[in-house]
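To keep things clear, I will list the structure first and then write my remarks on it.
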Amino acid sequence: MINIKNELLDRVSNWLTSVFDEETQDYINNLIASNPQELQESFYKDLEFGTGGMRGIMGVGTNRINKYTLGKNTQGLSNYLHQSFPNEKLKAAIAFDCRHNSKTFAKLVANVFSANDIEVYLFEDLRPTPELSFALKHLNCHCGIVLTASHNPPEYNGYKVYWQDGGQIVPPQDAEIIAEINRLDYSEIKFEANENLIHFIGKDIDDIFINASVKNGSFNTSAEAKNNLNIVFTSLHGTSITIIPETLKRAGYNNVHIVKEQEVPNGDFPTVKSPNPEEPEALKMALKLAQKVDADIVIGTDPDSDRIGVAVRDLDHKMMLLNGNQAMLMMTNFLLQQWQKQDKIKGKEFIASTIVSTPMMIDLATAFNVECKIGLTGFKWIAKMIKDFPELDFIGGGEESFGFMVGDFVRDKDAVTATLLACEIAAQAKVKGSSFYKELFQLYIKHGFYKERLISVTKKGIEGAEEIKQMMIDFRDNPLIKINGSKVVMLEDYQTSIAKNMISSGDEVINIPKSNVLIYYTEDGSKIALRPSGTEPKIKFYISVNMPLDSEEKFIATENKLEAKIDAIIKDMNLN
């Protein structure tokens, strides 16, 4: 065997025992002989649960998504369920996306659950992630699993765990489940299915979910307005094609043009570099079709249909992709207006966002006399807010990474209902002679023009992980005093739970769970957040700047000033 560290040697040797199949052992022996670097990458650590569950490259090893890592997760989760709900008949729901092996992995997970005397409701074919959250609650399941890697590249897959309330696992369940998984030996995994406990679900749940989406995402838009809205939609080869066109149809939107080249689910995502609606390139075909049919709005979703990208006509009638903050602000403001019209705001309502999203969400909440709760990145924290504050009504909320949640009937980001909501906003604006885009800068005139930009720095592999770790240490131990010439007035460190006033040197406690995030606030109102990604080999820098906007006529000039300010911050922090 090649010269490798003892800890890695133990990991590799364990996978060469009779617990693992011959194909796995042969593959490992081949790596030992010919690719020691890949061997190290595959075994140097266990895959970890991050912001959006566990994601990783498919392959052999402890740091890969495969039969054994997923089996161990499910066995540990099964054990935990039996401990948590003694004497109850346990039930689990499972969904999967369009990725390679997702269907196979989903059945494997179902097998392990059933082998542990847990009744399983497995979707017969690929379905959107938000439908799993909905189905879990509808079927009164104890937990749910989605096999997906969201918008990651084709070689990835993943495993999201949901709890009884329909939200992803949060403390203390996450740590307790992980501890149970880590206690297991691979030999303890029960792979032999009890087929009598596995039930396939499909159209029956689809119908209920679609009707619920229409109910929660429709707001008295006239038939004229709906017929007048010209929509282009792309599923980017993902799961939303199974649900969104029918949802729009049932809601009364019939003028929908689907990007045919991206309509068929395909785990290779052949027409895009990345199936991520955050990337303008991913919506290139949709934007081209929009020009051809003179569409008012373009909507694209990621492979598991939780993220949504929205493009609308600007003042020059050109299509422009909104960023996640802009889409979130428009959707939240629209929901608040609807609740206000229906006299449903009584002072016991809240909207929600995250620490790295636009601060303007707080301004919106103040304007409508509702509370704005701010949590860590990830919709599991918004779901936890709903669970922790049952006396409050959740209106809606989102985060900058192109996710939004309408009400609490689904407790994860939901591109299905958000698509309908975006169309409602566009239709109502158009019929009154305005537009989605014009309504956006009316918000800026009222609350101030906030402009955000995300800078992602990719660092792959073991060395990359160490680089990211060191970057965070440097920014934490040697904090910046000025950014782009403006004094730093506050530094929030979510790892130590301390907010340090850089002017008075006073400290405040941050009452949010610990996370490896730093946020700088400057004297001129700028906000810069630093955060290693929980699902990708990246460190992310979230930049927010703002200034007043007096009128529509000054919109472009003010936007240019804000863009220049962000460029200057990037240059000053050497993020180019």
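Here, each number is a calculation from the coordinates, and none is a lab measurement. Here the structure is a predicted model, which is why all the values come from computation and not from measurement. Every residue, glycine as well, gets a Cβ built from its backbone with ideal geometry; the counts of neighbours run over all protein chains shown.
What the phi angles of region 148-157 give under the Karplus curve with 6.51, -1.76 and 1.60, with θ = phi - 60°, is a coupling list of 6, 10, 6, 9, 5, x, x, 6, 9, 9 Hz, glycine and proline written as x.
Could you work out the Kirkwood radius for region 57-167, taking every pair of different alpha carbons, averaging 1/r and inverting it, reported in Å?
Values: mean 1/r = 0.0721 Å⁻¹.
Value: 13.9 Å, from the Cα pair sum.
Highest average first, the peptides 463-475, 311-323 ordered by how many other beta carbon atoms sit within 10 Å of their residues are 311-323, 463-475.
Given the choices (1) 0.97; (2) 1.00; (3) 1.05, Rg/Rh (Cα atoms, Kirkwood Rh) derived from the coordinates of this structure is entry (1).
If each DSSP helix of 4+ residues adds -39,500 (n - 2.57) and the sum is divided by the residues in the chain, what number results at 222 nm, nearest 500 deg cm²/dmol? Before the final figure, lay out each step's value.
Numbers: 18 runs with 222 residues, N = 576.
So the helix-based figure for the chain works out to -12000 deg cm²/dmol.
With θ taken as phi - 60° and the Karplus curve 6.51 cos²θ - 1.76 cosθ + 1.60 applied, the whole-hertz 3J(HN,Hα) list for region 323-330 is 7, x, 5, 5, 4, 4, 4, 5 Hz, x standing for glycine and proline. With the simple model of a label 7 Å out from the Cα in the direction of the Cβ, A557 to K288 spans 3.9 nm.
So which trypsin sites (Lys or Arg not before Pro) in region 327-385 pass both tests, a DSSP loop state and at most 16 other Cβ atoms within 10 Å of the Cβ? Kindly include the intermediate steps, with their values, before the conclusion.
Details: sites: K341, K344, K346, K348, K373, K380, K384; in loops: K344, K346, K348.
Sparse-neighbourhood loop trypsin sites (Lys or Arg not before Pro): K344, K346, K348.
Given H placed on each backbone N at 1.01 Å, which residues far from V517 in sequence or on other chains put an amide H within less than 5 Å of it? Hits under the 5 Å cutoff: Y494, Q495. For region 89-222, a crude dipole built from +1 on the beta carbon of Lys and Arg and -1 on the beta carbon of Asp and Glu, taken about the Cα centre, is about 260 debye to the nearest 20. Put +1 on the Cβ of every Lys and Arg and -1 on every Asp and Glu Cβ in the chain; which of I512, I473, V431 then has its Cα farthest towards the positive end of the dipole? The residue sitting most towards the positive pole is V431.
In a simple Cβ point-charge model (Lys, Arg +1; Asp, Glu -1; nothing else charged), region 228-383 has a dipole of about 360 debye relative to its Cα centre.
Normalised by residue number, the volume inside the convex hull of the Cα atoms of region 251-397 is 150 Å³ per residue. Our note on the geometry: Cα centres of region 506-576 and region 1-79, 39 Å apart.
With R₀ set to 56 Å, the beta-carbon distance separating S187 from E281 gives a calculated FRET efficiency near 0.75. Mean 1/r over all different Cα pairs, inverted: what Kirkwood radius does region 183-255 give, in Å? Roughly 15.8 Å, rounded to one decimal. For the chain, the longest principal axis of the alpha carbon atoms and the long axis of helix 461-477 meet at an angle near 50°. Among A564, I198, G71, whose Cα lies farthest out toward the positive end of the dipole of the chain, if unit charges sit on the beta carbon of Lys, Arg (+1) and Asp, Glu (-1)? With unit charges placed on the Cβ atoms, the residue in question is A564. Sorting 125-132, 552-559 by average packing, meaning the other beta carbons within 10 Å per residue, from highest down gives 125-132, 552-559. Among L122, Y494, V293, flag the residue with its Cα farthest along the positive direction of the charge dipole of the chain, charges on Cβ as +1 for Lys/Arg and -1 for Asp/Glu. Farthest along the dipole direction, towards plus: V293. Along region 365-379 the Karplus relation, 6.51 cos²θ - 1.76 cosθ + 1.60 evaluated at θ = phi - 60°, assigns HN-Hα couplings of 4, 4, 5, 9, 6, 10, 8, 10, 8, 10, x, 5, 4, x, 6 Hz to successive residues, with x for each Gly and Pro.
Under 5 Å from the amide H of K459 lie the amide H atoms of K538, I539, each residue being 5 or more positions distant or on a separate chain, with H modelled from the backbone and absent for Pro and chain starts.
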